[in-house]
Amino acid sequence: YSGKIISHLEAEGFKVCAMRMARLNRTQARAFYEVHEGRPFFDDLVEFMTSGPVIPTVLEADDAVRRLRDTIGATDPDEADEGTIRKLYAESKGRNAIHASDSDANAGIEINFFFSSYERLHL
């Protein structure tokens, strides 16, 4: 569903500034989601995030973090509003189709995780 998700985001007014395909190993996935370490779903999350490619994407829009979180919907697709990305494409709460930063500060950290300083310079 990656193409449909990107199209959905663009239709909502987000500009794609950077995108790449990557495969996370277990160490990388554990580091990226370290804030969730110790929670019951952590091991399943790491397993899922290492099961195939991920597509880190940098999006731009006014009030981007809030708007993106509204656009993707609740973590649990059963609780997500109709028309949101998770309602449309998520398989389950643990396989919920998309990750979004929860703050501007965390967006910066997460961009740094996936994109080199050279790539960030040209965003």
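Residue-wise test of (1) under 22 Å from His8 (Cβ atoms); (2) surrounded by fewer than 12 Cβ atoms within 10 Å (Cβ to Cβ); (3) in contact (Cβ under 8 Å) with a residue 60 or more places away in the chain.
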| residue | (1), (2), (3) |
| --- | --- |
| Tyr89 | yes, no, yes |
| Ala97 | yes, no, yes |
| Ala100 | yes, no, no |
| Ala105 | no, yes, no |
| Gly108 | no, no, no |
| Leu121 | no, yes, no |
Completion exercise
(1) over 13 Å from the mean Cα position of the chain (by Cα); (2) within 19 Å of Ser2 (Cα to Cα) all hold for Glu79 apart from (2)
Handout entry: Considering residues of region 1-51 that are hydroxyl-bearing (Ser, Thr, Tyr) and out of contact with any helix residue (DSSP H, G or I) (no Cβ under 7 Å at 6 or more places or on another chain) only, the residue farthest from His122 (Cα to Cα)
Key = Ser51
Handout entry: region 76-87 - residue that is out of contact with any Lys or Arg (no Cβ under 6 Å at 6 or more places or on another chain) and without any contact (Cβ under 8 Å) to a residue 60 or more places away in the chain and, of those, surrounded by the most Cβ atoms within 10 Å (Cβ to Cβ)
Key = Arg86
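Taking helices (runs of 4 or more DSSP H) that do not extend beyond region 1-59, which have at least 3 residues that are of a type outside the set (A, V, I, L, M) and surrounded by 17 or more Cβ atoms within 10 Å (Cβ to Cβ)?
Values: elements: 2-11, 26-32, 42-49.
It comes to 26-32.
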Completion exercise
Of Ile85, Ile98, the only residue that is on the phi < 0 side of the Ramachandran plot and touching a His at 6+ places or on another chain (Cβ under 7 Å) is Ile85
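Each value in this text was obtained by applying a stated rule to the coordinates, not by laboratory testing. Please read these numbers as outputs of a predicted model, since none were measured by experiment. Please note: Cβ atoms are built from the backbone with ideal geometry, for glycine as well, and neighbour counts cover all protein chains shown.
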